Structure formats: structure tokens, C-alpha cells
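A.B. asks: The structure follows.
The values are calculated or read from the model by the stated rules, or taken from the named source; none is laboratory data. Model, not experiment: these values are computed from the prediction. Don't worry about glycine lacking a Cβ; one is built from the backbone with ideal geometry, like all the others, and counts go over all protein chains shown. Keep in mind that these areas ignore ligands, DNA and RNA; they rest on the heavy atoms of the full protein, side chains included. Shrake-Rupley method; radii C 1.70, N 1.55, O 1.52, S 1.80 Å.
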Amino acid sequence: MALEHALLVSLTERASSGYDLARRFDKSIGFFWNATHQQIYRVLKRMEEQGWVTAEAVAQEGRPDKKVYTVSEAGREELTRWIAEPIDIAPMRNELGVKLRAASLGDVPALCAEVTRHRDQHAHRLELYRTFEKKDYPAPDQLTGRRLHQYLVLRGGIRVEEGFVDWCDEVLDALQRDTARSLASDPKGTRQ
């Protein structure tokens, strides 16, 4: 997915200035596709040049005018084309998994601390997603259209975070059992 498509999706939900779009992006689509504010501004300019968005200058008191972007007909056509286009399954990149494969070559307690840190961060994100779910979608069985689609993306995020937290718990449990077995079979720690 190109950043252009993520921005088009966000702009179909609400016309925005680059600044407002970047802030909204950080709180919604940014959980699934991240970009810096500078990248967003650069891509908005390119999208305007391609005719996918239009910008209207809006005066601000005591500050320079801001551009408010909306999706043009050409932008909607691009979204329609992109939505219908097949996508490849993205390969999973997980540096923590690579470190885990090499655990026997390193400091297992340090790796456990790192797994715990990742688990805690994913648990925090999971709670944030669940808070969004309760606040924004109290009756999910009654959702339709855009609200249903947004909810389904949020549910995907919840499921991914649940899976990662469960995996981290499994890893920590297995590493602790392995360490205990190693100590029991070699109490002086002479073998590796």
C-alpha cells in the first residue's frame, strides 16, 4: 500500500489540513500504517499534483493560511481501483523472533526482559484498542457501511495484539521452564 492510499482513505472520512490529517493519522490509520508528518505533507503535495486531492486555502487568525484537502473525483477513482487490486501477503518481520531463535547464544534473562517489555507494550496497545471499541462501537451488531468497516479494522488490531500478548506469555513460560530444567541438570552451570 502506498501512503497515498492511506491518506485518501482518511480524507474520505473528513477533509483536513495536513497538520490535522497528520494528528488524526497518528490516532487511527497510523496504528496500521505509520508515516512521519513530513512524509504526509510531501505525499499530499504529490497527490494534489496528480489531481487526487484538491486544496482550499483557509485563513487563520494570527497564523498563515492553511490548506484543507478533500478527495477529488480522480482520487475516488484511484481508491476504487486500488481497493479492487489484489495484494500480496506481506511477510512478517519480527526482530524479536530472530533474537529468540538465537537465545541459546546469548543472555536469556536479558531476552526475557526484552520479551516482557514487548508484551507490556502490546498489552497497553490492546487495552487502548479495547477502550476505542467500548467507546466508539458499543453496539457492533448494528453497524453498517463505513462504521462497520472501521470497526472490523479495529477488531483486526485487537486480534493481532491479543495474539502477540499470548505469544509473549508462551515464550516467557517456555524460557523459564527451559532455564529451570537447565539448572536442574547442571546446577553449577558448567554446560552451555
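A.B. asks: Suppose we filter 95, 133, 114 for residues that are more than 30 Å from residue 15 (Cα to Cα), under 23 Å from the mean Cα position of the chain (by Cα) and surrounded by 10 or more Cβ atoms within 10 Å (Cβ to Cβ); which single one remains? Step through it out loud before you land on a result.
C.D. replies: On the way: 95 fails: surrounded by 10 or more Cβ atoms within 10 Å (Cβ to Cβ); 133 fails: more than 30 Å from residue 15 (Cα to Cα).
Exactly one residue qualifies, and that residue is 114.
A.B. asks: Another question, if that's okay. Suppose we filter 46, 42 for residues that are assigned to a helix (DSSP H, G or I) and open to solvent by 100 Å² or more (accessible area, probe 1.4 Å); which single one remains?
C.D. replies: Values: 46 fails: open to solvent by 100 Å² or more (accessible area, probe 1.4 Å).
Answer to the check: 42.
A.B. asks: If a residue must be aromatic (Phe, Trp, Tyr) and either in contact with a strand residue (DSSP E or B) (Cβ under 6 Å, 6 or more places away or on another chain) or surrounded by 19 or more Cβ atoms within 10 Å (Cβ to Cβ) (or both), how many such residues does the stretch 154-168 contain? Can you show your working first?
C.D. replies: In the first step, residues of the stretch 154-168 are kept if they are aromatic (Phe, Trp, Tyr); the result is 164, 167.
Retained after the next criterion (residues that are either in contact with a strand residue (DSSP E or B) (Cβ under 6 Å, 6 or more places away or on another chain) or surrounded by 19 or more Cβ atoms within 10 Å (Cβ to Cβ) (or both)): 164.
So the count comes out to 1.
A.B. asks: To continue, here is another question. Just wondering, is there one or more residues in the stretch 142-153 that are touching a residue at least 40 places away in the same chain (Cβ under 8 Å), part of a helix (DSSP H, G or I), within 21 Å of the chain's Cα centre (by Cα) and under 30 Å from residue 183 (Cα atoms)?
C.D. replies: no
A.B. asks: Follow-up. Quick check on my filter: what residues within the stretch 79-133 are farther than 30 Å from residue 53 by Cβ and outside any helix (DSSP H, G or I)?
C.D. replies: 91, 92, 93, 94, 102, 106, 107
A.B. asks: Follow-up question, since we're still on this one. Could you give me the residue pairs with C-beta distances under 7 Å whose first residue belongs to the stretch 9-34 and is within 17 Å of residue 146 (Cα to Cα), whose second residue is among the acidic types (Asp, Glu) and open to solvent by 80 Å² or more (accessible area, probe 1.4 Å) wherever it lies, and which are 6+ apart or on separate chains?
C.D. replies: none
A.B. asks: Can you pull out the residues in the stretch 60-78 that are open to solvent by 80 Å² or more (accessible area, probe 1.4 Å) and either part of a helix (DSSP H, G or I) or under 17 Å from residue 175 (Cα atoms) (or both)? Before you say what the answer is, go through the steps one by one.
C.D. replies: Step one: filter the stretch 60-78 for residues open to solvent by 80 Å² or more (accessible area, probe 1.4 Å), giving 61-65, 67, 73, 76-77.
Residues satisfying the conditions are 73, 76, 77.
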